[in-house]
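The values are calculated or read from the model by the stated rules, or taken from the named source; none is laboratory data. The structure presented is a predicted model; accordingly, all values stated were derived computationally and were not measured. Cβ atoms come from the backbone with ideal geometry, glycine included; neighbour counts cover every protein chain shown. Remember, those area values only see protein heavy atoms, side chains included, never the ligands or the DNA or RNA. Shrake-Rupley method; radii C 1.70, N 1.55, O 1.52, S 1.80 Å.
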Amino acid sequence: MKDLHGNEVAVGDIVRVLQIDQWLLDLLPADELPHTLAMLNNEYPIDDFSEDGKISVTNWWEAGPEQWACSSLYLLAHEFELVKKAGRTG
């Protein structure tokens with residue numbers, strides 16, 4: 001899989017979310033929307049690859065005392081860019 005600029009990406013690589021499709025945002029419940037929108041222009045490790053050629057990234061947040069919630073996105077190549085390869089520092 002490659003990013004917007006043609007860089008090869010792998011699970012664990014850090015990517016920046018560049019775009020979130022409006023159709024997805026229109027489907028989200030009101031309480032999930034701000035957390036998903038917060039993913040735009042932020043960096044996340046790649047969790048996995050889907051069978052239809054997308055990467056998966058996840059945003060976790062504390063929803064309450066000892067309670068966690070998350071938003072996951074499945075992104076096509078034009079929706080993200082590589083920031084850092086896994087295991088590399090700097």
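In this structure the chain gives 63 Å² per residue of accessible area when probed at 1.4 Å with all protein chains present.
Per residue, the convex hull spanned by the Cα atoms of the chain measures out at 112 cubic angstrom.
At 0.36 nm per residue, minus the direct Cα-Cα distance, what do residue 25 and residue 86 gain on full extension? Give it in nm, one decimal, please. Display every interim value, and only then the final one.
Details: separation 61, 0.36 × 61 = 21.96 nm, distance 2.91 nm.
Contour length minus the Cα-Cα distance gives 19.1 nm.
Could you tell me what percent of the accessible area of the chain is made up of carbon and sulfur, with a 1.4 Å probe and every protein chain present?
52
Could you pull out the trypsin sites (Lys or Arg not before Pro) across the range 53-90 that fall in loop regions by DSSP (anything but H, G, I, E, B) with no more than 14 other Cβ atoms inside 10 Å?
Working: sites: 54, 84, 85, 88; in loops: 54, 85, 88.
Here the trypsin sites (Lys or Arg not before Pro) that fit, given the DSSP loop and packing criteria, are 85, 88.
Take every pair of alpha-carbon atoms less than 8 Å apart whose residues are at least six positions apart; their mean separation over the length of the range 1-64 yields a relative contact order of 33 percent.
Place a +1 charge on the Cβ of each Lys and Arg in the chain and a -1 charge on the Cβ of each Asp and Glu, then give the dipole magnitude about the Cα centre in debye, rounded to the nearest 20. It would help to have the intermediate numbers written out before the result.
Values: 6 positive and 16 negative charges, 90 e Å.
Dipole magnitude for the chain comes out near 440 debye.
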